[in-house]
1. Which lysines have a Cα lying under 16 Å from the Cα of LYS55, excluding residues fewer than 8 positions away in the same chain?
2. Could you give the length gained by full extension between HIS74 and ASN56, i.e. 0.36 nm per residue of separation minus their alpha carbon distance, to one decimal place?
3. Under a point spin-label approximation (7 Å from Cα along Cα-to-Cβ), what is the ASP81-LYS96 distance to one decimal in nm?
4. Provide the per-residue ³J(HN,Hα) series for region 72-87, in order, calculated from phi with Karplus coefficients 6.51, -1.76, 1.60 and θ = phi - 60°, each as a whole number of Hz, with x at glycine and proline positions.
5. Please go through region 66-111 and write out the trypsin sites (Lys or Arg not before Pro) that DSSP classes as loop and that have at most 10 other C-beta atoms within 10 Å.
6. Over all directions, the average projected area of the alpha-carbon convex hull for region 40-112 comes to how many nm²?
Amino acid sequence: GWWTESDEAGQTAAPATAAASVADASRDAGEREVSATAINTAIKEQYPAVAKCLKNGGTFEGEAARVVVSLMLHPDGRRSDLQVEDSQIESAAFNKCLLKVFESKIEFPRPKGSSVEVIYPFTFTKRS
């Protein structure tokens, strides 16, 4: 069990599977020194905030919905190029809320050496 949050229809939604992929902006991945595991942990700590975004404006058809968020993490702690790359939840309010969580609530580890691109797919599933 991750988290569950009741939506207005009385169903609950939770991410079934989610894992970050990390691509180094430079060619020497050996200098990256930021792990996908640490990034996954940082994101999972904010699942309650993501659940609130879903409750306050995210609805989807069917049993599951996939949402992909991407961003660049920089050694100085900055984040840039935050975007929802793909979303089966067609809600501007949900997407804006989700990006805000990634922008300000998640405490990402800082990469050493060069910037890294993070791509994080959520799969939300309905549970009755």
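Please treat every number below as a calculation from the coordinates, not as lab data. Everything quoted here is computed from the prediction, not taken from an experiment. Positions of Cβ are backbone-derived with ideal geometry, glycine not excepted, and every protein chain shown enters the neighbour counts.
1. LYS96, LYS100, LYS126
2. Details: separation 18, 0.36 × 18 = 6.48 nm, distance 3.05 nm.
Using 0.36 nm per residue and subtracting the Cα-Cα distance, I get 3.4 nm.
3. The modelled label-to-label distance comes out at 2.5 nm.
4. Each residue's phi maps through the Karplus curve to give 9, 10, 10, x, 7, x, 5, 10, 9, 6, 5, 7, 8, 6, 8, 8 Hz.
5. On the way: sites: ARG66, ARG78, ARG79, LYS96, LYS100, LYS105; in loops: ARG78.
The qualifying sites are ARG78.
6. Numbers: hull surface 19.5 nm².
That works out to 4.9 nm².
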